[in-house]
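Novice: Starting off with a structure, shown below.
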Amino acid sequence: MRLFIALLFKEDVKEKIGMLRDVVADRSVKGRFAATENFHLTLAFIGESTVEEADRLLDVLGALEASGTGVPESLIGSYVGSFQRRDREIVWLGIEKDKQLKALYRKLVQLLTEAGFKTEDRRFSPHITIGRQVLLEEELSSLVIQPIELKIRKLALMESKQVDGVLRYVEY
């Protein structure tokens, strides 16, 4: 099973992100756009894991909670950006800098490392994926958005799996 640790949003927030996704989709020639129910902010991608590893990850989340490192009540999504992959882009909603989010991420990485999990070496760049393999009609810089308050529902261990041929992210 493919696992990751993520912040999950309240339903009304997912709907707001969905409206932004629709604007981006309307400005695109093509792309695979995220389903509203799948919107989340990944803190750590774990990858293929066993049941035993999943149990250890739940222990890590318990230790994170016990550490007193709090989960932000909300974040602010204020700009749209992209990562270039070959001739297409991954389009995302960027998150404004947040000290509490950064502290949460650092503590999570520390606990994951102590538990024997490998973490990514690249700089943490918090974002919410809107679409993959997107071919845009115009530059993203022309898209100006109103900041979106992203109310956090919870921190969770998530599994990425196919349900009836559709990609779903479900709590483990």
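The values are calculated or read from the model by the stated rules, or taken from the named source; none is laboratory data. In this text the structure is predicted, and so the values were computed from the model without any measurement. Counting neighbours? That spans all protein chains shown, and the Cβs are built from the backbone with ideal geometry, glycine included. To get the accessible areas, we keep the full protein, side chains included, count just its heavy atoms, and leave off ligands, DNA and RNA. Shrake-Rupley method; radii C 1.70, N 1.55, O 1.52, S 1.80 Å.
Novice: Of all residues being modelled with pLDDT of 95 or more, in a strand (DSSP E or B) and open to solvent by less than 30 Å² (accessible area, probe 1.4 Å) in region 1-39, which is nearest to Leu101 (Cα to Cα)? Just the residue, please.
Specialist: Result: Leu7.
Novice: Pairs only if they're at least six apart or on different chains, beta carbon under 7 angstrom, first in region 111-138 and open to solvent by less than 40 Å² (accessible area, probe 1.4 Å), second in a loop (DSSP other than H, G, I, E, B); list them, first residue then second.
Specialist: Leu112/Thr119; Ile128/Phe39; Thr129/Ala34; Ile130/Ala34; Gly131/Ala34; Leu136/Arg27
Novice: State whether one or more residues within region 93-108 are in contact with a Lys or Arg (Cβ under 7 Å, 6 or more places away or on another chain) and either open to solvent by less than 50 Å² (accessible area, probe 1.4 Å) or on the phi > 0 side of the Ramachandran plot (or both).
Specialist: The answer is no; no qualifying residue exists.
Novice: Another one. Residues that are more than 29 Å from Arg27 (Cα to Cα), at least 2 per element: which strands (runs of 3 or more DSSP E) completely within region 60-172 meet that?
Specialist: 148-163, 166-171
Novice: Return the total of residues in region 92-123 being touching a strand residue (DSSP E or B) at 6+ places or on another chain (Cβ under 8 Å) and not aliphatic (A, V, I, L, M).
Specialist: Result for region 92-123: 8.
Novice: Oh, and also: Mind checking whether some residue in region 129-147 is at pLDDT 95 or above and at positive phi?
Specialist: Looking through region 129-147, none of the residues is at pLDDT 95 or above and at positive phi.
Yes/no matrix, rows are residues, columns are (1) in contact with a helix residue (DSSP H, G or I) (Cβ under 8 Å, 6 or more places away or on another chain); (2) at pLDDT 95 or above:
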position: Leu41; (1), (2): no, yes
position: Ala44; (1), (2): yes, yes
position: Ser49; (1), (2): yes, yes
position: Asp55; (1), (2): no, yes
position: Leu58; (1), (2): no, yes
position: Glu73; (1), (2): no, yes
position: Asp87; (1), (2): no, no
position: Trp92; (1), (2): no, yes
